[in-house]
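To start, the structure itself, in structure tokens.
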Amino acid sequence: MRRSRGVRAIAMAGATALLAHAALPAPCAANGGVRISGSVGHTFAILGTVRAGAPAFDVRALAPVGGPSGMLSLGVGAWADDMGQVVERLIDPTTLEDVGAAEGASRFLVGGGLAGELHLRQAPGNGAHGPRGGPFLTGAAGIYYVESRERSSLEHTDNALGWSAAAGWRFRAGAFGSLGPSIRYHRVFDDRVGRFMAAGVDWTWR
């Protein structure tokens, strides 16, 4: 079940990025085109009722503001974050013996919305639209679809507003990309989720 949700989330994120790439090139051509970026990580510090932690993904399609050497980029993004699944112990009511582990509650989020990125290091003055290393900040705001399950049975679904902010440091990886560590904070206005964080690797591709 979790694998199918993850595949669906990645497909949705990729489709969002491709649609953004198709929709934005005309007005952004003079600014150097759309750049694809994202992150792959793991959730932690979860305040909701499911706190096991699991994989987290996001992808963004961003266009530079003020030319290819501009420090600010704006666009759209999609994300998928898994809170993990609780493992419960089964106790025989007669003997009170532990008879093994069982899958308990699980929670999964997927969504999309507006996204932005701020580079904290000025680009080279030659106007080249290449990958940029150094420190950066990203942010996003939009809709989160929340899905909760109890022992694999659907228990709750909801759509909630939320936002996220991240900081990291990328290193150039060839002529077309960069990657490096990042940490992200999410605030989702749903009582079952609340706040959580994700840490992982952030990447860009031109």
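Excluding ligands, DNA and RNA, the accessible surface per residue across the range 43-89 is 37 Å² with a 1.4 Å probe.
Highest-first packing order for the peptide set 149-160, 69-80 is 69-80, 149-160, based on the mean count of other beta carbon atoms within 10 Å.
The values are calculated or read from the model by the stated rules, or taken from the named source; none is laboratory data. Since the model is a prediction, treat every value here as computed from it, not as a measurement. Cβ: placed from backbone, ideal geometry, glycine included. Neighbour counts: every protein chain shown. Surface accessibility is based on the protein's heavy atoms, side chains included, excluding ligands, DNA and RNA. Shrake-Rupley method; radii C 1.70, N 1.55, O 1.52, S 1.80 Å.
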